[in-house]
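Comments concern the structure below.
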Amino acid sequence: MKKTWIGFLTLALVFLLGTFSRPALADDTAAVQKLVQVKITQVIDLLRDKKMAKPERNKRILDVVVPIFDFKTMAQLSLGKKYWTEMTPAQQAEFSELFVKRLQESYLEKLDLYTDEDVAVDEAVLVKSRIHVRSFLVSKTDKKEMIYKFYQVDEQWKVYDVEILGVSIVQTYRSQFDGLLKSGGIEPLLAKLRVAGSFTVPTAEGK
Amino acid sequence: MKNRFICTTLGLLGLSFYGQIAWGNPVLRIEPAALPLMVMDSPETAKPVAELAAESLSQSDPLESLESMDSLETNSLKDQLAPFAPPNQVALLLAPASMDGSDTRVEAEQATDGGFVDLEDEFGAPQQEVNDPFAGYNRAMTGFNDWVFLWLLNPVAKGWRAVVPEGGRTAVFRFFKNLLYPLRLVNNLLQAKLGGAVEETGRFAVNSTIGILGLFDPAQAWFGWEAHDEDFGQTLGVWGVGSGPHIVLPFLGPSNLRDTFALAPDWSLDPITYYAKGYPQQIGIWTFKSVNATSLDIGGYESLKKDAVDFYPFLRDVYEQNRKKKIEE
């Protein structure tokens, strides 16, 4: 008898939790979609403002974008838990630093290649406990799908991965790092990251 | 068995070497502007040190994993970040993105454990992803293709860009794309994508007439009809054929066994194959097509290359993930 009651109570609790948490997540989905929409609009506006000097523009764009990314998580996931925990705290710190710097440089460079593409935020979907926000980069000749993947941490929704045309940034780094770590080890990898990113790319001006 | 497999592969490589220079390489066509909004650095939004310290204390490590990270490490998040980021950046990393602005840190501390495990599960063990027995050859061929791109294709494309305005090159790009309608139609049908087949047919009809032989794209601009790129490699994938080992083709770039097989039927549905009188002319047209496409994305390849820590596995992964996605769609 007692057991039945406990069972019943548990069930009731589960239902209660269910009713409370589901609408909350649905609200979050809409909120996250709006967040992405707002951020993208701000970035595009800044990119189209041809009067602003580039360093100033880049700084402002970073101010817009940085808060929604969880770079530390991205760095850790890109390396993988196994390798991450094998590193000393000093190595972890250096790895994170170099990795985040890479992402930063890469992104700033992509901005230089921007011409007049439009970004359309399509929909946000709840996938398990993650929110995937789908957007399209529309140019004159085609349309590219980009998915921002958010997870909830400390009541915040933060990006932990971005998928472009089905290509996950984190997954791509994982494969590369795995190969390098298997053939070399942590120090050679860090050495490689230290020197990487030392050449510049022509801009798309006058494209 | 293995020998036969290798012979077949080599035979196909030879074939592909012969024919198909400008088979639009989907991977290298990723426009860099498509890469994501991600960065950090924000030199001037500094926060007072006291606020910073308060924040770092109240935040728990989102990636704390019960068995793998001791609490000492967890609490030293700020210390970990400190060496590489000026305090204002640490503040940014630690600062909540404040979606609702409410202060919920107490609950947050309990809600974060297992983050690492949870997210980690979404990503496969890296090396299981790609079947790569030809890694040595593939690496060498990637080097060769890189050379071809940087020293032949790219300089010519830059010259072409200097001579012809963007509008003209875009028109040429569309013209060639329009020509591949038969390929897209057949593969949409083979995958039972009737909507795609219908829209493609509408596009071909409108763009070939009003759009002057496909030079313009009124179907998209006026009616919003999208292209539905499908090829035989994708069709085979939809039918359940696995990708097989990754193979880097000369001139064409990353591919795999399945997609390499699919080149022959793809080729048979390209009008250029029938229009051209002999291989030299065909290769010429394909080369022109490739030069034109490259001219619309100058700097894109270099930028993509710079994103790689190790170029060959990077390209391989980009290709395989992209193909997988296209097949799933």
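Computed from the coordinates by the stated procedures, all read-outs in this text should not be read as laboratory data. Source: prediction; values computed, not measured. Note that each Cβ is placed from the backbone with ideal geometry, even for glycine, and that neighbours are counted across all protein chains shown.
Cβ crowding within 10 Å ranks A:100, B:186 as B:186, A:100, fewest other Cβ atoms first.
Note on residue B:147 and residue A:82: with the Förster distance fixed at 30 Å, the Cβ-Cβ geometry gives a FRET efficiency of about 0.25. The amide H of residue B:249, built 1.01 Å from its N in the peptide plane, has B:255 as neighbours under 5 Å, considering only residues 5 or more places off or on other chains. Placing +1 on each Lys and Arg Cβ and -1 on each Asp and Glu Cβ, with no other charges, gives segment B:234-329 a dipole about its Cα centre of roughly 160 debye.
Charge dipole (Cα centre; +1 on Lys/Arg Cβ, -1 on Asp/Glu Cβ; no other charges) of segment B:136-282 amounts to roughly 340 debye.
Other protein chain C-beta atoms within 10 Å of residue C-beta, averaged over B:289-301: 3.
The H on the amide N of residue B:227, modeled in the peptide plane, is under 5 Å from the matching H of no residue at least 5 residues off or on a different chain.
Dipole of segment B:206-322 computed with +1 at Lys/Arg Cβ and -1 at Asp/Glu Cβ about the Cα centre; of B:220, B:271, B:319, farthest Cα towards the positive end is B:271.
In this rough spin-label picture, where each label sits 7 Å from Cα along the Cβ direction, the residue A:42-residue A:129 distance is 2.8 nm. Projecting the Cα positions of B:175, B:261, B:241 onto the charge dipole of segment B:135-328 (unit charges on Cβ atoms of Lys, Arg, Asp and Glu, taken about the Cα centre) puts B:175 furthest along the positive direction.
Only one residue of A:77, A:100, A:90 has its Cα farthest out toward the positive end of the dipole of segment A:54-131, where Lys and Arg carry +1 and Asp and Glu -1 on Cβ, and that residue is A:90.
Can you sort A:74, A:87 so the residue with the fewest Cβ neighbours within 10 Å comes first?
Numbers: A:74 24, A:87 16.
Least crowded to most crowded, the residues run A:87, A:74.
Which entries of A:54/B:306; A:182/B:325; A:34/A:143; A:101/B:325; A:39/A:144; A:34/A:140 have Cα-Cα distances beyond 23 Å here? Cα-Cα > 23 Å for A:182/B:325; A:101/B:325; A:34/A:140; rest within.
Distance between the 7 Å Cα→Cβ label points at residue A:27 and residue A:118: 3.3 nm.
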